Each structure stands twice: as C-alpha cells, then as structure tokens.
Amino acid sequence: MELMRHNQELMEQIMSGAMGMNSQHSTASADNTGLPVSFSGNVSTPHIQLPDVLNVPKLSLSLVSIAQLLESNLIILFHSSGCVVQDPKTKQILGLGRQVGRMIEVVYLRLPLPSSSLVA
C-alpha cells in the first residue's frame, strides 16, 4: 500500500533529520529486482516521525509499510477519503492520510521512536 507520494523537498527534510547509518543492504521491488538501500534508521520532521526507515533512492515513490504499522500494534482505519493511524490503548491519532487518486498520501504520521535515537 502506498501511503506517501514522492516529494523531493520532503525527502530532503526527512534525510536531514535522519538518525541512522549508511547501509550496504538491498531490498526488492514488486518484480523482485534488487534495489540498494542507502540509509537505514529513524527519521523525524515536524510532520513525519518513523522508526526503521529504509532510503531506497531508485524508488520513485516514498512508501510506508502497512504491515510494519500493524506489527507495531497500531490501528489503521480506512475510509472513503483516506485513513487514520491510531494507538489502540490511548486512542490517540498518530497519523492521517488523504486519498489522492488510487493512493493515500501521508498528511501527518508521528510514531514513537526508540528513546535512544530521538532527533530534536
């Protein structure tokens, strides 16, 4: 599921707020083509805060993994105009997405980062 449209300015902001390490790993595209990962770690900007991010420069879209959100025990509610990401215990809204064509664009998404890697 694609949750964030590619935006070069946003990616520059994310990577400037990134805390992680260069990576020699790769990931696979939908057709199983290997794609190099240039960065892995946590990112934090005023609107986006995500743990365990992979920067894959050859992808034309920035994606958020629905499976990774579900593995974090978050609730994802889809509706006709987008989606909401919610903490199941506190009911706090952690993220919002709006439908743009057949994709959902992230408007806001702030997930807790491991305490040792917070970026101010």
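See the values below:
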{"read-out": "The listed residue being within 13 Å of L111 (Cα to Cα), of a type in the set (D, E) and under 14 Å from the mean Cα position of the chain (by Cα), out of D87, D52", "value": "D52"}
{"read-out": "Counted residues, the range 40-75 - those being out of contact with any Phe, Trp or Tyr (no Cβ under 6 Å at 6 or more places or on another chain) and not in a strand (DSSP E or B)", "value": "20"}
{"read-out": "Selected residue (criterion: nearest to S26 (Cα to Cα)) from residues of the range 42-58 that are in contact (Cβ under 8 Å) with a residue 40 or more places away in the chain and polar (S, T, N, Q)", "value": "N55"}
{"read-out": "Only listed residue being of a type outside the set (D, E, K, R) and crowded, with 16+ Cβ neighbours inside 10 Å, chosen from L109, L59", "value": "L109"}
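None of the figures in this text is laboratory data; all of them are computed from the coordinates on show. These figures come from a predicted structure and were not determined experimentally. Cβ sites come from the backbone with ideal geometry, for glycine too, and all protein chains shown count toward neighbours.
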